[in-house]
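Beneath this line is the structure, given in structure tokens, with notes to follow.
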Amino acid sequence: MMGEPIVILLAEDDPAHAEIVRRNLESSRIINQLQHVSDGQEALDYLYRRNVYSDPACSPRPGLILLDLRMPRVDGLQVLKTVKSDPFLARIPVVILTTSAAETDMAKAYDCHANSYLVKPLDFNKFADLLNLFGYYWLVWNQTPKQDEGSTHE
């Protein structure tokens with residue numbers, strides 16, 4: 001397969017959805033490291049290497065962020081705004097993966113420079129198909145510049 005393994009940061013508060021993502025990425029035979037956080041504050045702590053993520057070995061820089069919009073503590077839109085306004089993080093592709101098909105949510109996400117917006121289907125098989133197609137596009141064919149791993153940007 002093409003592409004090099006990357007770290008994927010999954011910010012998802014629904015454990016069942018997180019498990020579906022994990023299993024489907026594994027079953028698609030795309031070798032990557034999935035880091036899961038359960039809310040927006042935890043996502044920011046991971047990205048800025050704060051609190052439990054202060055050790056860079058426990059918080060490798062992601063090459064892709066999968067971001068739910070509706071999360072506790074800090075919502076996904078605020079995480080997206082923070083990532084895309086930070087020169088050190090802005091090049092990390094952020095894919096919104098949410099249950100909301102609302103036009104206003106999509107517009108807000110793209111206004112904040114989301115790289116893609118995917119609506120989670122309610123049907124399990126359709127969700128699995130979406131993740132399989134997503135995996136091949138974003139993790140095999142899509143090309144991104146290398147990230148500077150040296151800085152912790154605090």
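The values are calculated or read from the model by the stated rules, or taken from the named source; none is laboratory data. Being a predicted model, the structure only gives us computed values, none of them experimental. Neighbour counts run over all protein chains shown; Cβ positions are idealised from the backbone, glycine included.
V95: in contact with a helix residue (DSSP H, G or I) (Cβ under 6 Å, 6 or more places away or on another chain), at pLDDT 80 or above, within 21 Å of L44 (Cα to Cα) and not in a helix (DSSP H, G or I), yes or no?
no
Anything in region 19-43 that is modelled with pLDDT of 90 or more, surrounded by fewer than 21 Cβ atoms within 10 Å (Cβ to Cβ) and in a helix (DSSP H, G or I)? List them, or say none.
Taking region 19-43 as the starting set, the residues that turn out to be modelled with pLDDT of 90 or more are 35-43.
Subsequent filtering for residues that are surrounded by fewer than 21 Cβ atoms within 10 Å (Cβ to Cβ) retains 35-36, 38-39, 41.
Across region 19-43, the qualifying residue is only Q41.
Looking only at region 51-74, how many residues end up being in contact (Cβ under 8 Å) with a residue 12 or more places away in the chain, among the charged types (D, E, K, R) and either over 26 Å from I20 (Cβ atoms) or surrounded by fewer than 17 Cβ atoms within 10 Å (Cβ to Cβ) (or both)?
2
Sort through L118, L131 and tell me the only one that's outside any helix (DSSP H, G or I) and more than 18 Å from D39 (Cα to Cα).
Values: L131 fails: outside any helix (DSSP H, G or I).
Among L118, L131, only L118 is outside any helix (DSSP H, G or I) and more than 18 Å from D39 (Cα to Cα).
When the residues of region 1-16 are filtered to those that are part of a loop (DSSP other than H, G, I, E, B) and either surrounded by 15 or more Cβ atoms within 10 Å (Cβ to Cβ) or acidic (D, E) (or both), which remaining residue is modelled with the lowest pLDDT?
Filtering region 1-16 down to residues part of a loop (DSSP other than H, G, I, E, B) leaves 1-6, 12-14.
Now drop any that are not either surrounded by 15 or more Cβ atoms within 10 Å (Cβ to Cβ) or acidic (D, E) (or both), which leaves 3-4, 6, 12-14.
Values: G3: 53, E4: 63, I6: 80, E12: 93, D13: 93, D14: 90.
Ranking the candidates gives G3 first.
Does region 8-25 contain any residue that is touching a Lys or Arg at 6+ places or on another chain (Cβ under 9 Å) and β-branched (V, I, T)?
yes
Can you give me the number of residues within region 76-120 that are among the hydroxyl-bearing types (S, T, Y) and either without any contact (Cβ under 8 Å) to a residue 12 or more places away in the chain or farther than 14 Å from I65 by Cα (or both)?
5
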